[in-house]
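Following: one structure in structure tokens, then a few remarks.
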Amino acid sequence: MNVQKIRKEKNLTVQQLADLAQLPKRTVEEIIRRDKCTVDNAIKLADALGVTLDELCRTVKSE
């Protein structure tokens with residue numbers, strides 16, 4: 001997942017992202033740490049960050 005990368009690009013703190021996504025800060029921290037989450041939470045994060053689920057979740061593999 002690209003939560004941490006996109007969060008930093010948008011100059012948001014974890015708390016700001018949590019507030020925008022209407023999720024507890026601890027939940028966002030766990031998502032960043034574990035690099036996985038529920039679909040419901042992914043949708044909330046994508047909406048809060050203004051990106052698609054694909055942008056949020058897909059990792060680009062190097063060739």
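The values are calculated or read from the model by the stated rules, or taken from the named source; none is laboratory data. Model, not experiment: these values are computed from the prediction. So basically every Cβ, Gly included, is an ideal-geometry build from the backbone, and we count neighbours across all protein chains shown. These area figures cover heavy atoms from the full protein model, side chains too; ligands, DNA and RNA do not enter into them. Shrake-Rupley method; radii C 1.70, N 1.55, O 1.52, S 1.80 Å.
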Pull out the extension gain between Thr27 and Leu53, defined as 0.36 nm times the separation in residues minus the alpha carbon to alpha carbon distance; nm, one decimal. 7.6 nm
In nm, spacing of pseudo-spin labels at Val14 and Lys36 (7 Å Cα→C-beta vector): 2.0 nm
Apportionment of accessible area to carbon and sulfur, the chain, percent (1.4 Å): 47 percent
Under the rule rounded for a/c under 1.5, else prolate if a/b exceeds b/c, else oblate, using alpha carbon gyration tensor axes a ≥ b ≥ c, the chain is classed as prolate
Surface per residue (accessible, 1.4 Å probe) for region 14-63, Å²: 74 Å²
